[in-house]
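Step one of this worksheet: look at the structure below.
The values are calculated or read from the model by the stated rules, or taken from the named source; none is laboratory data. Nothing here was measured: the structure is a model prediction, and the numbers come from that model. As a convention, Cβ positions derive from the backbone with ideal geometry for all residues, glycine included, and neighbour counts pool all protein chains shown. Surface areas here come from the heavy atoms of the whole protein model, side chains and all, with no ligands, DNA or RNA. Shrake-Rupley method; radii C 1.70, N 1.55, O 1.52, S 1.80 Å.
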Amino acid sequence: RSKKSGGNRFTFVSDEISSAAAEANDLELMMRTALKEGGFEVYYQPQYLEDGTLCGMEALLRLHHPRSGMILPDRFIPVAEDSGLIMPIGNWVLEEVARQFMAWSQAGLPQVRIAVNVSPLQFMHSDFLGHVQRVLARSGMPAELLELEVTETTVMRNIEEIARQMRELAALGVHFSVDDFGTGYSSLRHLHQLPIKTLKVDRSFVERITETNGTYSIVQAILSLAHSLGMQVVAEGVERKDQFEVLKALQCDVFQGYLFSYPLEAGAIPPLLETQTAGIR
Ligand code: C2E
Ligand code: MG
Ligand code: MG
Ligand code: MG
């Protein structure tokens, strides 16, 4: 069986190498089966304005283990990236989100934007643009209601090719946000030149925002940078009321985290769209 880069990206200590490689193999096999037999599921985590209006959702992938329940993406996405499976999986997530969006929409529910995480590898692939266009065209999902979350690494890698695809997608109306902002490296010039609408402040900054000598000033600087570039800010991982209060005082635009809602299975979303989107469309 061919595997693009074997296990050599792992940096486990030597006596853990074989079990890590075995786990990666198991996961890879499980993902291949899941793609064929429907073992993946998309969860949705609501995002809110400060007044409690549901204004968007983030699509978060889950993998069902045949025996031991659900596996979270931090475990399987790296294996998917290493094995090339991230391409079909990423394509499936986009198609599934578009299908789900249209199902809710056709049921008469209010429409909100859905954010999809995109791996750098998907963007490197020359036909990412074409795939997104086809998914939108075939499903009928409006481009304006699709948001693609990219990481700082994505934005900084192969900048010319990625910038071209981002600009074409943005011209169609697709939104872009930078995920986990502040944890990677990005040049301000690139941030400024790319069609980015939103910065998502990483959870690690939100976590320590109320501490003495914590991350308050960093979050304040990110908000000021974003707003002066005409971008919005989403705070990720808001778990406590005191964090929410500080973020509101700093004029953060959108809030996401366990304080408001866990990621939910699709079936739990319609009542929220019914009751929490007053004023949207
Ligand atoms: P992310 O895009 O930064 O997503 C936010 C993660 O934080 C999610 O973890 C979410 O469940 C979790 N989270 C949300 N609110 C809170 C909170 O208040 N406290 C804490 N402690 N955590 C919170 P999840 O679902 O396990 O996903 C982890 C990462 O996996 C994502 O981080 C994203 O980078 C990646 N991922 C998820 N779905 C996909 C996908 O479809 N494609 C790709 N390429 N990556 C994905
Ligand atoms: Mg994300
Ligand atoms: Mg994030
Ligand atoms: Mg993350």
Pairing a residue in the range 54-68 that is more than 17 Å from A268 (Cβ to Cβ) and open to solvent by 30 Å² or more (accessible area, probe 1.4 Å) with any residue that is within 16 Å of ligand 4 (Cβ to nearest atom) and not β-branched (V, I, T), where Cβ atoms lie under 9 Å and the two sit 6 or more apart in sequence or on different chains, gives C55/Q47
Give me the residue from the range 103-127 that is open to solvent by less than 50 Å² (accessible area, probe 1.4 Å) and at pLDDT below 95 and, out of that set, nearest to E236 (Cα to Cα). S119
Of all residues in the range 69-87 being touching a residue at least 40 places away in the same chain (Cβ under 8 Å) and among the small types (G, A, S), which is least open to solvent (accessible area, probe 1.4 Å)? A80
Determine which member of the set F244, F205 is within 16 Å of ligand 4 (Cβ to nearest atom), more than 25 Å from R164 (Cα to Cα), assigned to a helix (DSSP H, G or I) and free of Cβ contacts under 8 Å to residues at least 24 places away in the same chain. F205
Criterion violated by T33 - all others in (1) at pLDDT below 95; (2) open to solvent by 20 Å² or more (accessible area, probe 1.4 Å) satisfied: (1)
Among residues of the range 178-205, those that are surrounded by 18 or more Cβ atoms within 10 Å (Cβ to Cβ) and more than 17 Å from the chain's Cα centre (by Cα), counted: 4
Output the residues belonging to the range 53-73 that are outside any strand (DSSP E or B), more than 12 Å from the chain's Cα centre (by Cα) and within 8 Å of ligand 1 (Cβ to nearest atom). L72
Specify which of the listed residues (F205, F176) is modelled with pLDDT of 95 or more and within 15 Å of I159 (Cβ to Cβ). F176
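Every residue, every condition in (1) away from ligand 2 (no atom under 14 Å from the Cβ); (2) of a type in the set (D, E, K, R), yes or no:
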position: Y44; (1), (2): no, no
position: L49; (1), (2): yes, no
position: A59; (1), (2): no, no
position: H65; (1), (2): yes, no
position: I71; (1), (2): yes, no
position: R75; (1), (2): yes, yes
position: V79; (1), (2): yes, no
position: S83; (1), (2): yes, no
position: F123; (1), (2): yes, no
Checking A163 against (1) modelled with pLDDT of 90 or more; (2) away from ligand 2 (no atom under 16 Å from the Cβ), only one condition comes out false. Which one? (1)
Residue identified as part of a loop (DSSP other than H, G, I, E, B) and either in contact with a helix residue (DSSP H, G or I) (Cβ under 9 Å, 6 or more places away or on another chain) or under 28 Å from V238 (Cα atoms) (or both) among E81, E96, E41, E50: E50
Being open to solvent by 40 Å² or more (accessible area, probe 1.4 Å) and more than 21 Å from G173 (Cβ to Cβ) narrows E95, E50 down to just E50
Exactly one of (1) more than 16 Å from ligand 2 (Cβ to nearest atom); (2) open to solvent by 80 Å² or more (accessible area, probe 1.4 Å) is unmet by V246. Its number? (2)
Failed criterion for E274 (all others in (1) assigned to a helix (DSSP H, G or I); (2) within 15 Å of ligand 1 (Cβ to nearest atom) hold): (2)
Any residue in the range 170-182 that's more than 9 Å from ligand 3 (Cβ to nearest atom): show its pairings with residues that are of a type in the set (S, T, N, Q) at Cβ separation under 6 Å, as long as the two are six or more apart or on different chains. S177/T198
